[in-house]
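The values are calculated or read from the model by the stated rules, or taken from the named source; none is laboratory data. All values reported here derive from a predicted model rather than from experimental measurement. Here the Cβ is made from the backbone with ideal geometry for all residues, glycine too, and neighbour counts use every protein chain on show.
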Amino acid sequence: MTSAIEAIVAAYVQTNQLDALLDLRAHREQLAASIRDRSDFNFGVLLGQLEEDIDAIMTGIRRLRATADAQAEDKS
């Protein structure tokens, strides 16, 4: 089953929205950083989910960049 973030990333890749993916990654990284230093609760599960989200987003970013690089090569 596809996770929600994977579906979102797939939609952004399909519509060639690299900036949206970069913003999404920055947001997830900011969330992770804001809870990483907290000591009042164990946020291990949430941090794990955020890392999985970031990995999925990075996969989408790499796909878009590879497509852009291939298109640039074809034009030259």
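Data overview
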item	result
SER76 vs. criteria among the hydroxyl-bearing types (Ser, Thr, Tyr) and more than 24 Å from ASP19 (Cα to Cα)	yes
So ALA72, is it hydrophobic (A, V, I, L, M, F, W, C) and more than 22 Å from SER3 (Cβ to Cβ)	yes
Residue satisfying all of: in region 18-41; modelled with pLDDT of 90 or more and among the polar types (S, T, N, Q); nearest to ALA68 (Cα to Cα) among these	GLN30
